[in-house]
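Worksheet: the structure to be examined is printed underneath.
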Amino acid sequence: MSVKIQSSKNSANASNEAILHLVKKTQKWEALDLDKEAIAYVKAQLKKEKNLISIANLGKVEVIALDLGEKDEVKRRENLRKLGANFCGLVNAAGLNTARIIDHTDSVSDWYDIAEGVSLANYQFIKYRKDAKKELNSLEALAVQGKHATDAAIHKLNCTVDAVFWARDLVNEPVITLDALRIAAEAELRGKEAGIKVEVLNKTKIEALKFGGLLAVNSGSQTPPTFTIMEYKPKKAVNKKPIVLVGKGVVYDTGGLSLKPTAGMDTMKCDMAGAAAVMAAIYGAASMELPVHVVALIPATDNRPGEMAYTPGDVITMYNGLTVEVLNTDAEGRMILADALAYAGKYDPEVVMDFATLTGAAAAAIGQYGIVYMGTADEKVKAGMKQSGDAVYERLVEFPFWDEYKELLKSDIADLKNIGGPVGGAITAGKFLEHFTSYPWMHFDIAGPAYIKGNDSYRGKNGTGSAVRFLLDYLENRTK
Ligand code: BES
Ligand code: MN
Ligand code: ZN
């Protein structure tokens with residue numbers, strides 16, 4: 001259920017609303033409008049050094065969130081989001097439609113982090129269930145009352161949540177309903193709504209352009225590939241050269257002829273999470289009207305072992321003319337990204353950032369807790385990215401990008417092969433991509449965080465919308 005977030009000047013309408021009071025431990029919280037029972041409860045809890053105190057009374061949820069005593073700002077902000085997610089759970093358990101955050105502090109952004117946690121936690125993907133109506137979360141609206149809850153900040157939050165929900169929906173949608181044609185149609189639909197120029201290259205155009213990697217991966221499929229170009233170019237853009245985002249849009253990855261075992265295939269509808277991230281980010285940036293020129297490129301296809309599927313042993317000529325010896329058809333993401341990255345050069349970009357569920361190796365290395373990144377952008381650019389990753393708790397971990405790894409991709413019969421050796425799988429994948437870049441570039445491997453089995457607070461489960469909040473924060477910072 002999406003949550004409409006609004007700023008509110010009025011004091012609480014007590015009857016049927018869940019309330020979260022945000023106060024500091026050092027504040028006179030006793031002066032709040034609480035009954036005796038509640039005050040006694042807070043006092044008892046405070047003695048136990050708990051930082052979240054919940055009081056459920058008369059079918060109404062009332063929560064006091066005291067400042068959490070965490071010194072590390074990155075962790076502190078994350079705790080606030082998680083607290084918001086917990087509150088969301090309480091509100092839905094009580095079956096209430098509306099909730100209110102009353103900020104009694106002078107903090108500029110604590111309310112924002114809590115509200116973000118509340119609204120992101122309210123996401124569900126249950127439309128294919130017959131009990132969907134019954135199971136739908138009750139929470140529909142969130143009012144925020146506080147001196148820093150400005151309309152601008154609330155608009156930004158609504159746009160962010162909307163974008164993340166869209167990315168999650170795209171990832172959660174199975175390939176039977178979201179194939180390469182549908183993902184392009186989705187981009188067109190939302191693009192129109194937000195004022196983004198969208199062009200979809202069909203198979204004929206893709207053949208004419210000689211996107212050899214995309215066509216090779218698509219050759220085992222009954223559905224044609226698409227290559228979607230989204231461009232958001234506001235009049236007052238701060239950048240002369242665009243920021244180009246590239247997203248891996250493998251709408252389903254069976255592995256192709258190098259077929260995956262069932263156990264490794266069951267989640268592979270998530271293999272377009274990179275595409276979802278960049279589509280949602282450019283959509284969010286346009287909805288917020290950020291003054292930054294952004295282009296998103298989305299190569300899309302499924303990877304299947306059809307009759308004419310590309311084979312281990314094939315030599316493929318890519319868009320930029322390099323030849324690739326295919327030794328594993330399951331290393332398909334890099335094949336389609338390579339063409340898109342080479343094509344990105346046409347824009348004379350300021351920087352290119354690609355997002356992909358690219359390797360099991362990245363997921364194995366750091367799990368769902370962060371994003372692996374590597375590339376050729378300079379230290380200052382990387383520092384800006386790192387900062388955004390910390391700010392939204394989509395933390396970035398830089399992997400080494402030494403030339404030795406490039407050696408592992410040497411082929412006897414072609415310019416390079418599509419797999420490295422048994423070591424450094426995430427890095428050799430990155431090094432493969434580097435061959436197709438000619439500008440400052442960073443590669444983000446989101447195989448770990450993009451799709452998760454268990455519930456993780458406000459990230460939910462299944463599609464998480466990984467990298468959307470990171471990108472929105474990064475693009476917003478670029479405008480400052
Ligand atoms: N889509 C997979 C990577 C993946 C794994 C994404 C787990 C999400 C979760 C990718 O196309 C793939 O199959 N990679 C191979 C590369 C190998 C054949 C060199 C891998 O990581 O095993
Ligand atoms: Mn694969
Ligand atoms: Zn894949």
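On a 0 to 90 degree scale, rounded to 10, what angle separates helix 36-47 from the longest Cα axis of the chain? Once rounded, one gets 60 degrees.
For the range 154-226, the list of trypsin sites (Lys or Arg not before Pro) that fall in a loop by DSSP and count at most 15 other C-beta atoms within 10 angstrom reads Lys210.
Give the residue list of chymotrypsin sites (Phe, Trp or Tyr not before Pro) in the range 124-175 that are DSSP loop and have at most 13 other beta-carbon atoms within 10 angstrom.
Values: sites: Phe125, Tyr128, Phe165, Trp166; in loops: Phe125, Tyr128.
Taking the range 124-175 and a limit of 13 other Cβ atoms within 10 Å, the loop chymotrypsin sites (Phe, Trp or Tyr not before Pro) found are Tyr128.
Ordering 222-229, 279-286 by mean Cβ neighbour count within 10 Å, with the highest value first, yields 279-286, 222-229.
Distance from the C-alpha centroid of the range 137-206 to that of the range 405-480: 22 Å, rounded to the whole angstrom.
DSSP beta bridges in the range 4-147, what fraction antiparallel, as a percent rounded to 5? Write down the numbers at each step before the final one.
Numbers: 6 of 26 bridges.
Roughly 25 percent of the beta bridges in the range 4-147 run antiparallel, per DSSP.
If you roll a 1.4 Å probe over the heavy atoms of the protein chains, what accessible area per residue do you get for the chain, in Å²? Let's see the in-between values first.
Details: 20240 Å² over 480 residues.
Counting only protein heavy atoms, the per-residue value for the chain is 42 Å².
Relative to the longest principal axis of the Cα atoms of the chain, helix 151-172 runs at roughly 50 degrees.
Would you be so kind as to identify which of Phe401, Ser457, Ala85 lies farthest towards the positive end of the dipole of the chain, taking Lys and Arg as +1 and Asp and Glu as -1 on Cβ and the Cα centre as origin? Final value for the positive-end residue is Ala85. Rounded, prolate or oblate for the range 161-478? Axes are the square roots of the Cα gyration tensor eigenvalues, ordered a ≥ b ≥ c, and the cut-off for rounded is a/c under 1.5. Taking the square roots of the gyration eigenvalues as a ≥ b ≥ c, the range 161-478 is rounded.
Taking the accessible area of the range 161-478, probe 1.4 Å, and keeping the other protein chains in place, the carbon and sulfur fraction comes to 52%.
Suppose R0 equals 60 Å. What FRET efficiency, 1/(1 + (r/R0)^6) with r the Cβ-Cβ distance, do Asp266 and Lys24 give to the nearest 0.05? Mind showing how you got there, number by number?
Working: r = 47 Å, r/R0 = 0.78.
It comes out at approximately 0.80.
In degrees between 0 and 90, to the nearest 10, how far off the longest principal axis of the chain does helix 273-287 point, with axes built from Cα atoms? Result, in degrees: 60.
At 222 nm, what helix-only mean residue ellipticity would the chain give, in deg cm²/dmol to the nearest 500, using -39500 (n - 2.57) for each DSSP H run of four or more?
Working: 16 runs with 177 residues, N = 480.
Value at 222 nm, helices only: -11000 deg cm²/dmol.
Electrostatic tally near Leu139: other residues with Cβ closer than 12 Å to its Cβ, Lys and Arg +1, Asp and Glu -1, net 0. Between the range 18-51 and the range 221-273, the alpha-carbon centres lie 48 Å apart.
With an 8 Å cut-off on Cα pairs and a minimum separation of 6 or more residues, tell me the relative contact order of the chain in percent.
Values: 1074 pairs, mean separation 75.4, N = 480.
Value for the chain: 16 percent.
When Lys133, Lys431 are compared by accessible surface with a 1.4 Å probe, the order from highest to lowest is Lys133, Lys431. 3J(HN,Hα) couplings calculated from phi for the range 308-319 with the Karplus curve 6.51 cos²θ - 1.76 cosθ + 1.60 (θ = phi - 60°) are, in sequence order, 9, 4, 5, 10, x, x, 4, 10, 10, 8, 8, 4 Hz; Gly and Pro show x.
Provide the gained length on full extension for the span Glu404 to Ser7, in nm with one decimal, where the gain is 0.36 nm per separating residue minus the Cα-Cα distance.
Working: separation 397, 0.36 × 397 = 142.92 nm, distance 5.44 nm.
Fully extending the segment from Glu404 to Ser7 adds 137.5 nm.
Heavy-atom accessible area for Asp403, with the other protein chains in place and a 1.4 Å probe, reaches approximately 100 Å². Overall, the range 114-238 carries a charge dipole of about 200 debye about its Cα centre when +1 sits on the Cβ of Lys and Arg and -1 on the Cβ of Asp and Glu, all other atoms neutral. Using +1 at the C-beta of Lys and Arg and -1 at the C-beta of Asp and Glu, which of Pro312, Ser107, Phe436 has the Cα lying farthest in the positive direction of the dipole of the chain? Toward the positive end, the furthest listed residue is Ser107.
Heavy-atom accessible area, probed at 1.4 angstrom with all protein chains present, ranks Glu307, Glu207 as Glu307, Glu207, highest first.
Measuring with a 1.4 angstrom probe and ignoring ligands and nucleic acids, Thr262 comes out at about 120 Å² accessible.
The values are calculated or read from the model by the stated rules, or taken from the named source; none is laboratory data. No experiment lies behind these values; they were computed from the predicted model shown. No Cβ is skipped: glycine too gets one built from the backbone with ideal geometry, and neighbour counts run over all protein chains shown. Heads up: the accessible areas ignore ligands, DNA and RNA and are worked out on the full protein's heavy atoms, side chains in. Shrake-Rupley method; radii C 1.70, N 1.55, O 1.52, S 1.80 Å.
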